[in-house]
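Since the structure comes first, as structure tokens, the remarks are kept for the end.
The values are calculated or read from the model by the stated rules, or taken from the named source; none is laboratory data. What you are looking at is a predicted structure, and each value in this text was computed from that prediction instead of being measured. Here the Cβ positions follow ideal geometry from the backbone for every residue, glycine too, while neighbour counts run over all protein chains shown. What goes into the accessible areas is simple: the full protein's heavy atoms, side chains included, and nothing from ligands, DNA or RNA. Shrake-Rupley method; radii C 1.70, N 1.55, O 1.52, S 1.80 Å.
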Amino acid sequence: MTELSPTAGKNSQDIQGDEKLSPRKAPGICSTRYGIAFMVHLCNFIIMAQNIIMNITMVAMVNSTTHQPSFNDSTEGLPVDSFGDPNNSPKSLPAGAPVYDWNPQIQGIIFSAINYGMILTLAPSGYLAGRVGTKRVVGAALLGSSLLVLFTPLAADFGLVFLTATRILQGMSLGLGYGGQFAIWERWSPPHERSRLCGVAVSGLLLGTSIAILLGGIISQTLGWPFVFYIFGGFGCVCFPLWYVLVYDEPVAHPWINITEKEYIISSLAQQVSSTKQPLPIKAMVRSLPLWSMCVCCFSHQWLINVITIYAPTYISSVFNIDIRNSGFLSALPFIIAWVVCLLGSYLADFLLTKNFRLVTVRKIATVLGNLPSSTFLLVLPFVASNYIIAVSLLTLSCGLGLLCQPGVYVNALDIAPRHSSFLMGMSRAFAQLSAVLAPTVSGFLLSQDPEFGWRNVFSLSFVINTLGLIFYLIFGKADVQDWAKERKLTHL
């Protein structure tokens, strides 16, 4: 991309050439743009931890060891709890911690309510953030989710209706935060740093999952389950002012950014970011095969991730009579590995771009590596029923390697339509979130219909769906700016 200099007109389309100049033009890891990425990382850490703490505390919240979720009751996309075995629920629970008579069906309603709320706001949040800014949208989501988490113990005392409504509202807040955050990279991420900046930001979701699993059970046992909500909700409220003070929607508005870095970012995005709000070309989007391939691949990959996180631990428990969720560390290990893989994969993708790899090639390589090994390991899982160590290793690798998709299909909207990427990234994630509802329902049906080969059918179906989505993306996926995403006003100049 061009530099802000008298020779800016030369090689204005040569993105690769400018990348070689970028290290001396703007600071790297200590730069303002990486500070923004860290703040989004922190926000993702908080909202994901708040998302799953209900899964962790549920064992302590119910008053009967017979209340365990059935296969298709919960549509939550993460492990149900850190204890797993009801017999290992806290025995020295503080006297002030209430318990409830919730059967598996009620628990399923509570778990799934947050997903329905997220589906409602994921796509609109991207569009809204593109209009009013990520700072406001994600800030409101962080504060709203934190307050609702603080209110959750009281809502549980008021009854199931209040608790379900609270969970739906929390899901809407999470959808705003998750879908609205990507608009910030339209103006903060130079083309050859998108993978790593988005990777740093999104990896907070995985770290939040890991820490919540590790600490949630300990807090619940020592202080009582309400304090899990108070601590994580309070932490979110404390971080909200930090977010509002340090995050800005674009480099021009940032008061402390280095001039060299600001010029570098603005010049690198000069050909992609419009100074005026562009209307959404809805008809062209609907007819765009590259866009559909991105949405379908995100859906198929999320189907795989949901099956891994929900059913693979249950499979290990049913086959080996060992619930890996009894160990907080073992439960968190797949997400810790996924966090590391997400960061390393994002840096690797940008490194390949500096070695003159085509952008579309890098995106498809990352997508293949994040889909094919994970689905293959899951497919093999029923055939290693005689070896517990191999089975748990395959489960861990399936979850960990799946995050290699992050620098692939999940950031592709920034490539094909940078001016509309906030809306498209929110929309593609809303489409993918449907798998959080469908995958548990279909998998639960397969398990109930065929007890002998049910697991094999679930994992085989996941492999087929994942492979078909991957093939569709490999055929129709693109990484160049689409005609319908280009600034139309240029034709009148």
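For this structure, a couple of remarks:
- Rounded to whole numbers, the Karplus 3J(HN,Hα) couplings from phi for region 252-263 are 4, 8, 6, x, 10, 6, 5, 4, 4, 5, 4, 5 Hz, using 6.51 cos²θ - 1.76 cosθ + 1.60 with θ = phi - 60°, and x at Gly and Pro.
- Here the accessible area of region 352-401 is 73 percent carbon and sulfur, with a 1.4 angstrom probe and all protein chains present.
- Links that overshoot a 28 Å alpha carbon limit, given the list LYS262/LYS486; LYS135/LYS364; LYS135/LYS486; LYS283/LYS364; LYS262/LYS355: LYS135/LYS364
- With the simple spin-label model, which puts each label point 7 Å out from Cα in the Cβ direction, the VAL360 to LEU147 separation comes to 4.8 nm.
- Fully extending the segment from ALA270 to TYR388 would add 37.0 nm, taking 0.36 nm per residue of separation and subtracting the current Cα-Cα distance.
- Each residue of region 412-428 was assigned a 3J(HN,Hα) from its phi angle through the Karplus curve 6.51 cos²θ - 1.76 cosθ + 1.60 (θ = phi - 60°); the sequence is 5, 5, 5, 8, 7, 8, x, 6, 10, 5, 4, 5, 5, 5, x, 5, 5 Hz, with glycine and proline shown as x.
- If the segment from LEU154 to PHE445 were pulled out straight at 0.36 nm per residue, it would be longer than the present Cα-Cα gap by 101.3 nm.
- Taken per residue, the accessible surface of region 85-208 reaches 34 Å², heavy atoms only and a 1.4 Å probe.
- Nonlocal amide H pairs with VAL62, under 5 Å, H built at 1.01 Å: TYR100
- Annotation: amide H-H contacts under 5 Å for ASN258 (H modelled 1.01 Å from N, sequence separation of 5 or more, or interchain): THR32.
- Karplus (6.51, -1.76, 1.60) ³J(HN,Hα), θ = phi - 60°, over region 300-312, in Hz, Gly and Pro reported as x: 5, 5, 5, 4, 4, 4, 5, 5, 4, 6, 8, 9, 4
- Compared with the direct C-alpha span, the chain from ARG131 to LEU242 gains 37.7 nm at full extension, assuming 0.36 nm per residue.
- When nucleic acids and ligands are ignored and a 1.4 Å probe is applied, ASP101 ends up with an accessible area of around 110 Å².
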